[in-house]
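Note sheet for the following structure.
Only the coordinates and a few stated rules stand behind these numbers; no lab work does. Keep in mind that what you see is a predicted model, and the values were worked out from it rather than measured. Glycine also receives a Cβ, built like all others from the backbone with ideal geometry; neighbour counts cover every protein chain displayed.
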Amino acid sequence: MSLLVPKRIDAPELLDEEDAPRPDMERSLRDLRRFNRYMGGTRVYRRLLRRLAGRSSSRLAIIDLGTGTSDLLESVSGDGLRVGLDFKIDHLLYGRELRRKRKAGQKIALVVGDATNLPFRERAADIVTSSHFAHHFTPDENASMLRESLRVARRGVVVSDTNRHRVPLLWVQLMAAFRLVGRITRSDAPGSIARGYTPEEARAFATRSGASRIEIVAMWPFRTGVLLWK
């Protein structure tokens with residue numbers, strides 16, 4: 001493995017804890033929204049959607065796993081069904097609060113649930129997505145989650161996550177050092193990158209999903225995309 005790719009380290013993140021102080025939690029969720037908006041997460045998500053679904057994504061029913069405040073679903077225009085699933089109800093409710101303050105017009109259904117055992121029937125949505133989420137799970141858990149996502153999807157699955165690499169790791173460490181992000185993010189952002197998967201590692205668990213077609217995409221800035229066709 002390249003010297004620029006550190007060994008994967010799996011450690012829990014503060015935002016996943018039950019007792020995170022609410023102001024710290026809200027600041028961390030806003031940090032994640034800014035990362036998506038200004039550091040490529042939203043752009044990569046939309047490009048991957050178009051790559052799998054073509055230009056018809058505005059009319060598709062989409063379920064987003066580990067949705068947080070559902071900012072990525074907000075970025076998809078159109079009147080198709082949008083469902084955000086997360087195991088933390090506080091994250092979902094804060095996202096709804098932010099949309100109300102901005103008087104956002106998007107209608108997003110919110111579901112508290114387990115991404116490895118989805119509370120949806122087979123073929124419930126066109127596409128199941130997740131972003132910056134796969135690193136929370138082991139390779140075996142990811143393979144299982146992808147199979148479960150394909151069960152629920154009619155067309156396919158889109159996954160985006162940070163590629164484990166020393167360059168983005170250094171970047172978030174500098175942001176933490178200069179206190180440009182909140183307390184939780186100063187710990188979780190470096191940890192998320194250290195838990196991330198390389199494109200080769202993502203391909204290894206994606207091949208166990210049972211998809212008819214798999215595409216692994218390396219995208220700037222240091223993002224790995226996984227596209228699965230039903």
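What to note about this one:
- Nearest-0.05 FRET efficiency for residue 103 and residue 183, computed from C-beta distance (R0 41 Å): 0.85
- Calculated FRET value between residue 27 and residue 212, using beta carbons and R₀ = 30 Å, to 0.05: 0.10
- Taking a quarter of the surface of the Cα convex hull of the chain gives a mean projected area of 11.6 nm².
- Near residue 125: Cβ cut-off under 14 Å, other residues only, Lys/Arg at +1 and Asp/Glu at -1. The net charge is +4.
- For the chain, the dipole from Cβ point charges (+1 on Lys and Arg, -1 on Asp and Glu) about the Cα centre works out to 1180 debye, to the nearest 20.
- Given the chain, longest segment not containing exposed loop GluC sites (Glu not before Pro) (DSSP; at most 12 other Cβ within 10 Å): 123-230
- Note on residue 114 and residue 230: their simple-model spin labels are 2.5 nm apart, each label 7 Å out from Cα toward Cβ.
- Ascending count of other beta-carbon atoms within 10 Å, so fewest first, for 63, 108, 89, 184: 89, 108, 184, 63
- 222 nm mean residue ellipticity, helices alone, for the chain (DSSP H n ≥ 4; -39,500 (n - 2.57); rounded to 500): -13000 deg cm²/dmol
- Within the chain, the whole DSSP H helices whose Cα atoms reach 15 Å or more along their own axis and whose mean Kyte-Doolittle score is at least -1.0 are 41-53, 139-152, 166-177, 183-195.
- Whichever lysines have a C-alpha closer than 18 Å to that of residue 230, once near sequence neighbours (fewer than 8 apart) are set aside: none
- Cross-link partners of residue 101 among lysines (Cα-Cα below 29 Å; sequence separation of 8 or more within a chain): 88
- When the P(r) is computed for region 1-119, the part past 17 Å accounts for 62% of the Cα-Cα pairs.
- Each of 71, 19, 126, 10 has some number of other Cβ atoms within 10 Å of its Cβ, and from fewest to most they run 19, 10, 126, 71.
- Modelled spin labels at residue 81 and residue 56, positioned 7 Å past Cα toward Cβ, are 1.6 nm from each other.
- Stokes-Einstein D for region 61-131, Kirkwood Rh over Cα pairs, 4 °C, 1.567 mPa s (µm²/s): 107 µm²/s
- Shape of region 81-167, Cα gyration tensor, a/c cut at 1.5: oblate
- Fraction of beta bridges assigned by DSSP in the chain that are antiparallel (%, nearest 5): 45 percent
- Listed from fewest to most Cβ neighbours within 10 Å, the set 101, 230, 88 follows the order 101, 230, 88.
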